[in-house]
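Here the structure is laid out as structure tokens; the discussion comes afterwards.
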Amino acid sequence: MEKIKLIETASDNAFILLQEGSKKPVTRNLTPGIQVYGEKLITIANVEYRFWDPFRSKLAAIMLKGSSVSIKKESAILYLGAANGTTASHVSDIASEGVVFAVEFSPRAMHDLIRVSIPRMNLIPILSDAMRPESYKNMVTLVDVIYQDVAQREQAVIALRNAKLFLKTDGILVLMIKSRSIDSTGEPEDVIDNEVKKLGGFFKVMELIELEPFHSDHVAVVAQRV
């Protein structure tokens, strides 16, 4: 019989599944029987889990790499750049007793995000521009975590504007920096370093994680509000 083992991560409801010598991220499915993007489902000890593709989700990639990011089941999360809801659905699994405020600018992507949110009572889609957090300040509470994955130039500025309005003291920022979205001609290392420096004074950087081989020219910044 095939041996399967679940290893806990720093986040609730998120695990690394050991299967046939491979390591695969999974989350405990908040909506059993429902797939979001065609992902495989697996049942272990009468609990259903969803496979979480690290090539499609940067958060899955850093968890697979052993990040210390800790999202609790009761956490309130502000997700900036939720797109079609692939990663947002897994964050919804993790924060099963909390809330995920999912901000997305594209109306087309929002259509999919709304579909994903219908069976997930803790996932709240918000059609807005993450650069203008004042536009949704009446819809979002103080949060424990900001997760940001946006393809805009001023990525650190966006994180700071949202953190000043919504992130609790000692709250965590998980910022996915896409160097090519900021400066397509500069060296990725220099571009990323400049963005990280902008966080100084407001955040204490805890981790810098390169996302190779899953995502090129990307670095995840894990920082705590001070």
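The values are calculated or read from the model by the stated rules, or taken from the named source; none is laboratory data. In this text, all values refer to a predicted model and were calculated from it rather than measured experimentally. When we count neighbours, we look across all protein chains shown, and the Cβ atoms used for this are built from the backbone with ideal geometry, even at glycine.
Structure above, values below:
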| read-out | value |
| --- | --- |
| Set ALA60, ALA102, ALA109, ALA95: member being of a type in the set (A, V, I, L, M), in contact with a Leu (Cβ under 7 Å, 6 or more places away or on another chain) and under 18 Å from GLN148 (Cβ atoms) | ALA102 |
| Criterion (in contact with a helix residue (DSSP H, G or I) (Cβ under 6 Å, 6 or more places away or on another chain) and either within 20 Å of THR9 (Cα to Cα) or surrounded by 20 or more Cβ atoms within 10 Å (Cβ to Cβ) (or both)) met by exactly one of SER89, SER75, SER96, SER67 | SER89 |
| Among (1) under 28 Å from ILE16 (Cα atoms); (2) not in a strand (DSSP E or B) - the single one ARG50 does not satisfy | (2) |
| One residue from SER135, SER96, SER92 being closer than 16 Å to ARG50 by Cβ and either of a type in the set (Asp, Glu) or over 13 Å from the mean Cα position of the chain (by Cα) (or both) | SER96 |
| All positions within region 6-24 that are within 15 Å of ALA88 (Cα to Cα) and assigned to a strand (DSSP E or B) | ALA14 |
| Members of region 103-145 that are of a type in the set (Gly, Ala, Ser), surrounded by fewer than 20 Cβ atoms within 10 Å (Cβ to Cβ) and not in a helix (DSSP H, G or I) | SER106, SER128 |
| Qualifying residue in region 62-73 (condition: modelled with pLDDT of 95 or more, on the phi > 0 side of the Ramachandran plot and not basic (Lys, Arg)) | no |
| ALA151, sole failed condition from (1) of a type in the set (Gly, Ala, Ser); (2) modelled with pLDDT under 95; (3) assigned to a helix (DSSP H, G or I); (4) more than 25 Å from SER68 (Cβ to Cβ) | (3) |
| Qualifying residue in region 50-62 (condition: surrounded by fewer than 20 Cβ atoms within 10 Å (Cβ to Cβ) and of a type in the set (S, T, N, Q)) | no |
| Which listed residue is assigned to a helix (DSSP H, G or I), assigned by TED's automatic domain parsing to the domain that holds PRO119 and among the aliphatic types (A, V, I, L, M), from VAL91, VAL100, VAL69 | VAL91 |
| Leading residue by the ranking (farthest from the chain's Cα centre (by Cα)) among those in region 72-88 that are among the hydroxyl-bearing types (Ser, Thr, Tyr) and outside any helix (DSSP H, G or I) | SER75 |
